[in-house]
Amino acid sequence: MPKPALTSLIVSTYNAPQQLELVLRSALSQTTLPDEILVSDDGSTGETRQLIEHLTASSPIPIHHIWQEDTGFRKSHILNKTIAQAKGDYLIQIDGDCILHPKLVADHLRFACTGHYLFGNRVRIPQKHVPDVLQNMQYRFSLNSPYPKKTIRLFRAPYFTLLQRPILTGVKKFRGCNVSFWRSDILSINGYNEAITDWGCEDSELIIRLQNLGNRGLRLRNCALVYHLDHPIASRARTAENRRIEQKAIADKLTACELGINQYLT
């Protein structure tokens, strides 16, 4: 099975520089570094730009800041713009409120295989503990850490992933905050659907089209961990409309969207 030649780590963010700093520091402390990091920024202020410039100065790998003007929640748009500029043939995608386990990149690369997308585990850090984690700049967590919930998920055992069967349709445990796929597959389905705006369904609708294309999902059980910094729930005003778009992808067995990444490719 061919392995990736170059790996791009994509981190999405919006006006959360403290959280982003923890995530980027955890990314730069990986046992296996990606070839580049791309910060996919949906309109943050200058504080985020300054943070990225500061970390870039001492980073052993390139960090690229892909930014768009803030005109509301447009995660699909900025992810398309980011993937269009990514140099890696394999993409690992993380949300900017998810701290990486030291072996996250290594775990995704270990199980990367043609025709599959992967999704890892998420361990929640309750909102009441987030200020302490940020103040201490903590991006390492042990089994006896007082912060994460469901600490059994902290136990890293890649062996369990070897027992998993690929998923053909439907993904109950899918987490869009911790996923990886081949860039060529994302281009084949025309990337994220920009008809989906505001919170919800942008990642699950993408996966539906990937599966319609023939991709299979593999859950990285007890490995490829992220620690999610809980926060207030975003507005879900367009959830019903976004679900209608998602259901259309299922009913019509769509493999591509009309408004997607192709407008950013040269």
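Charged neighbours of ASN215, selected by a Cβ distance under 12 Å, balance to +1 (K, R count +1; D, E count -1).
Coupling constants for the stretch 43-60 follow from the phi torsions by the Karplus curve (6.51 cos²θ - 1.76 cosθ + 1.60, θ = phi - 60°), and in residue order they are x, 5, 7, x, 4, 5, 4, 5, 4, 5, 4, 5, 6, 4, 4, 10, 6, x Hz; glycine and proline get x.
Shown for the chain: lysine pairs separated by 8 or more places, or found on different chains, whose C-alpha atoms are under 23 Å apart, numbering 20. Whole-Hz Karplus values for the stretch 122-138 come out as 10, 10, 7, 9, x, 4, 5, 9, 4, x, 5, 4, 5, 4, 7, 6, 8 Hz, taken residue by residue from phi with 6.51 cos²θ - 1.76 cosθ + 1.60 and θ = phi - 60°; glycine and proline positions read x. Within the listed set ARG216, ARG140, ARG122, the residue fluctuating most in the Gaussian network model of the chain (springs between alpha-carbon atoms under 10 angstrom) is ARG140.
Computed packing ranks the peptides 204-210, 23-29 as 204-210, 23-29, most packed first, by mean other Cβ atoms within 10 Å. Using only Cα coordinates, the Kirkwood hydrodynamic radius of the stretch 176-266 works out to 14.4 Å.
Dividing the C-alpha radius of gyration of the stretch 1-122 by 2.2 N^0.38 Å, with N its residue count, gives 1.01. Of the two radii for the chain, the radius of gyration is 0.93 times the Kirkwood radius, both from the alpha carbons; that is the Rg over Rh value.
Between LEU259 and ASP132, how high is the FRET efficiency from 1/(1 + (r/R0)^6) when r is the Cβ-Cβ distance and R₀ = 45 Å? Nearest 0.05. For LEU259 and ASP132, the calculated efficiency is 0.60. Measuring nothing but how far apart in sequence close Cα pairs (under 8 Å, 6+ apart) lie, relative to its length, the chain scores a relative contact order of 25 percent.
For LEU259, the residues 5 or more places off, or on other chains, whose built amide H falls under 5 Å of its own are GLU194, ALA195. Length gained on full extension, GLU241 to ILE61, computed as 0.36 nm times the residue gap minus the Cα-Cα distance: 60.8 nm.
Helix content alone sets the calculated 222 nm mean residue ellipticity of the chain: runs of n ≥ 4 DSSP H residues at -39500 (n - 2.57) each, divided across all residues, give -9000 deg cm²/dmol.
All of the numbers you see were taken from the coordinates with simple rules; none came from a lab. As the structure is a computational prediction, the values presented were derived from the model and not from experiment. For neighbour counting, all protein chains shown are included, and Cβ atoms are generated from backbone atoms with ideal geometry for every residue, glycine included.
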